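The values are calculated or read from the model by the stated rules, or taken from the named source; none is laboratory data. Here the structure is a predicted model, which means the values were calculated and not measured. Don't worry about glycine lacking a Cβ; one is built from the backbone with ideal geometry, like all the others, and counts go over all protein chains shown.
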Amino acid sequence: MKPIVTLFKKEFKEHRLILFFLVVATVVLDLYLLLTGSSDSAKPLWVLAPYSGTLIILPFLLAHAFTSEWKSDTAYVLLALPIRPFWIPVLKFLALLCYAGILFGISTLGGYLVYVRFYANHVSISTADFWLLSALFYFSWTLLFFSLVTLMEAAKFSVHRYRGLLGTAVFFGTLFFWVRLSDPAVRWLDRIGHYTLTLRIEGELITQTIRFGEPLWIAITGAVLLGLAVLLFETKVEV
Amino acid sequence: MIIEVEGLWKRYPGTWALRDLSFTAKKGRVLGILGENGSGKSTLFRILAGITRPTRGKVRIFGTPITPTVKARIAYLPEVQPYYPWMTVRELLEFLAPFYPGWDPQKALNLVDFMQLPLEKKVGDLSKGQKGRLKVVVAFSWPSEIVLMDEPLGGIDPPSRKRILGALFSEFRYGEQTILISTHLVSEVEEFIEDVIYLKDGSIVLSGHADQLREERGKSLSELFEEVAT
Amino acid sequence: MGFPFDPTRPIYLQIMEEIKKRAVRGEIPPGGQIPSVRDLAKEMGVNPNTVARAYLELEREGFVFTKRGQGTYVTQDFARIEQERERLAESARQRFLKEIESLGLNEDQKAELLRKIEEDWS
């Protein structure tokens, strides 16, 4: 157990400067918007920047977490460690998921504060619903991107030539099949349930149905992609 | 036989790095794997360390294929600098400690002292000689059963080489510990190697006990290396 | 580093010779203890396994003996050590003669050589 925890801590520590920078940038931006924004401009909407920005940046960071091991030869130590190989992608994934959790929390908090200060008169939504929607969107897409990236990296380091090409092929190949299967899959999964959201926009009561199909489909795809990545690490990945 | 390699082949795009390699290593002895750059030494070591997979053939260490349990008994010093450059020497030792049973933090510190390494300096900022010495500290901070040393002296300044060889000679637990050492600077380890394998283009061209070869051929391992390499 | 070995000859033989020479020189008295395997290995800069092999052969030849848990000792048999001294001196003589023969000296040159040696030793 201790070795696994030690490796997890290393994965977390490795990019903490970037995490720190992103946290500080988010806090500074949010404070700035809270202090200088006004309800009649769109400026406060910039609060969405950290939220969407980190959603895009973190998958790249995860990819870098893998690639840097091979580029700096640290894979020689990593793969020689007396642990089952599947821990390698799993722990990197989990460490960056923690980053995502932290950045999600701060950016959504900032967003909530901005909403309360500037837009609560126009749109009224319960706090729970606000956070629920934010989390659902953020984490389903994060998990999907992370899983895709992990599979791409696992594929890349299962070969010695044409790594970039293979990574790209995995990306587009997955996208292709995912898009093709999405509609029927989501429709089928929607049967599992839905959540009804009520909010007021400019005084009018609106109900919005959030169907579980899409997030479930994303979770399933994520699990499959991660599973394949783990399989590759156990059977093909090498220095 | 603590290491058994049978019919080992390894292919990389465009070339075969190892061709039908078969040999065994006896426990408690020092086996020299001698060969030019590109002869397949490093590939062999990577396979024995479990970080590269054979294309064909069998490798058994301690009688089994290479599993995490086996890896916990092997210390691997690759030819490259494999440690995280952002960690300090201290952080690196603390990081590796939980993975290897019997890791002795005090011993590690003593070796760091002997090797004159700055504990608080980042690994990435160390000189080439210091990096080479650090690898040896890592290898002997715990009682591994097998030590795989891939070119431990390559490209390293003479004072560092002396320190590394000094540590090697005093730390080697003869009879219990098995060392595989690869080098193309044969004269430096002439007196340390007991069994020897000469590799060329991925195959074994000569092997045997060092003293026996000396007796039979009246040549040093170094001279035999010159012969074999051409 | 360490002992100047001839890398073209088996190292364990050279270790054996060195121990014999030390005994013959009197550096190690008859019955005296020889260095432990690890100590000698460190001193000579050689693999301890090779020292162990040398000691085994010396014991087989009867030149040393091991006291369980205490160490290895040169034989107390004076005659045996004397025998070894003669053997070593004889092989040194043979090597010297062979070397001189290879120079093809005539009688006078050989006489001159002998005179010089006598001078060296007086």
Quiz item: Considering segment B:165-201 alone, what residues qualify as being closer than 18 Å to B:Glu79 by Cα, within 12 Å of another protein chain (Cβ to nearest Cβ), out of contact with any Phe, Trp or Tyr (no Cβ under 9 Å at 6 or more places or on another chain) and among the hydrophobic types (A, V, I, L, M, F, W, C)?
Solution: B:Val189
Quiz prompt | Residue list for segment A:61-89, filter: within 7 Å of chain B (Cβ to nearest Cβ) and touching a Phe, Trp or Tyr at 6+ places or on another chain (Cβ under 7 Å) | solution = A:Thr74, A:Val77, A:Ala80, A:Leu81, A:Pro82
Quiz item: If B:Ala97 satisfies every condition in (1) within 14 Å of chain A (Cβ to nearest Cβ); (2) outside any helix (DSSP H, G or I) but one, which is the exception?
Solution: (2)
Exercise. Go through (1) aromatic (Phe, Trp, Tyr); (2) surrounded by 17 or more Cβ atoms within 10 Å (Cβ to Cβ); (3) farther than 25 Å from B:Tyr83 by Cβ and name the single condition A:Trp87 misses.
Key: (3)
Quiz item: Of everything in segment C:44-60 that's in contact (Cβ under 8 Å) with a residue 12 or more places away in the chain and more than 14 Å from chain B (Cβ to nearest Cβ), which residue is surrounded by the most Cβ atoms within 10 Å (Cβ to Cβ)?
Solution: C:Leu58
Quiz item: So which residues in segment C:34-72 are closer than 27 Å to B:Gln177 by Cα, of a type outside the set (A, V, I, L, M, F, W, C) and not in a helix (DSSP H, G or I), if there are any at all?
Solution: C:Pro35, C:Ser36, C:Gly45, C:Asn47, C:Thr66, C:Lys67, C:Arg68, C:Gly69, C:Gln70, C:Gly71, C:Thr72
Quiz prompt | Residue check for A:Leu7: in contact with a Phe, Trp or Tyr (Cβ under 6 Å, 6 or more places away or on another chain) and part of a helix (DSSP H, G or I) | solution = no
Quiz item: If the Cβ limit is 6 Å and pairs must be 6+ apart or interchain, which residue in segment B:120-141 that is small (Gly, Ala, Ser) pairs with which residue that is assigned to a helix (DSSP H, G or I)?
Solution: B:Gly129/B:Ser160; B:Gly132/B:Ser160; B:Ser141/B:Lys107; B:Ser141/B:Ala108
Quiz item: For segment C:73-105, which residues satisfy the criterion of being more than 16 Å from the chain's Cα centre (by Cα), in a helix (DSSP H, G or I) and surrounded by 12 or more Cβ atoms within 10 Å (Cβ to Cβ)?
Solution: C:Ile100
Quiz item: If you check every pair at least six apart or on different chains, which have Cβ atoms under 6 Å apart with a residue in segment C:19-43 that is more than 14 Å from chain B (Cβ to nearest Cβ) first and a residue that is surrounded by fewer than 20 Cβ atoms within 10 Å (Cβ to Cβ) and among the small types (Gly, Ala, Ser) second?
Solution: C:Gln33/C:Gly71
Self-check item: Scan of segment A:1-60 for residues that are away from chain B (no Cβ under 14 Å) and among the β-branched types (Val, Ile, Thr), ordered by number
Solution: A:Val23, A:Val24, A:Thr26, A:Val27, A:Val28, A:Thr36, A:Val47, A:Thr54, A:Ile56, A:Ile57
Exercise. Could you run through segment A:184-211 and say how many residues are of a type outside the set (Ser, Thr, Tyr) and surrounded by 11 or more Cβ atoms within 10 Å (Cβ to Cβ)?
Key: 16
Quiz item: So, in segment B:137-164, of the ones that are among the acidic types (Asp, Glu) and over 22 Å from B:Pro101 (Cα atoms), which residue ends up nearest to the other protein chains (Cβ to nearest Cβ)?
Solution: B:Asp150
Quiz item: Looking at (1) part of a loop (DSSP other than H, G, I, E, B); (2) touching a Cys at 6+ places or on another chain (Cβ under 7 Å), which is the only condition A:Phe12 fails?
Solution: (1)
Quiz item: Any chance segment B:47-69 includes a residue that's among the small types (Gly, Ala, Ser) and touching a Gly at 6+ places or on another chain (Cβ under 7 Å)?
Solution: yes
Quiz item: What are the residue pairs meeting all of these: first residue in segment B:26-50, first residue under 10 Å from B:Leu199 (Cβ atoms), second residue part of a helix (DSSP H, G or I) and of a type in the set (Gly, Ala, Ser), Cβ atoms under 6 Å, and 6 or more apart or on different chains?
Solution: B:Glu36/B:Ala229
Practice problem: Taking A:Thr67 as meeting all but one of (1) at pLDDT 95 or above; (2) buried (at least 22 other Cβ atoms within 10 Å of the Cβ), write down the number of the exception. | Solution: (2)
Exercise. Considering only segment B:62-86, state which residues are in a loop (DSSP other than H, G, I, E, B), at the interface with chain A (Cβ under 8 Å from one of its Cβ atoms) and either more than 19 Å from B:Arg46 (Cα to Cα) or in contact with a strand residue (DSSP E or B) (Cβ under 6 Å, 6 or more places away or on another chain) (or both).
Key: B:Pro78, B:Pro85, B:Trp86
Quiz item: Does C:Ala23 qualify as being modelled with pLDDT of 90 or more, assigned to a helix (DSSP H, G or I), crowded, with 16+ Cβ neighbours inside 10 Å and touching a Ser or Thr at 6+ places or on another chain (Cβ under 9 Å)?
Solution: yes
Self-check item: Hey, B:Asp150 among the acidic types (Asp, Glu) and either crowded, with 21+ Cβ neighbours inside 10 Å or under 26 Å from B:Arg11 (Cα atoms) (or both) or not
Solution: yes
Exercise. Scan segment C:86-107 for residues that are under 16 Å from C:Arg25 (Cα atoms) and charged (D, E, K, R) and jot them down.
Key: C:Glu86, C:Arg87, C:Glu90
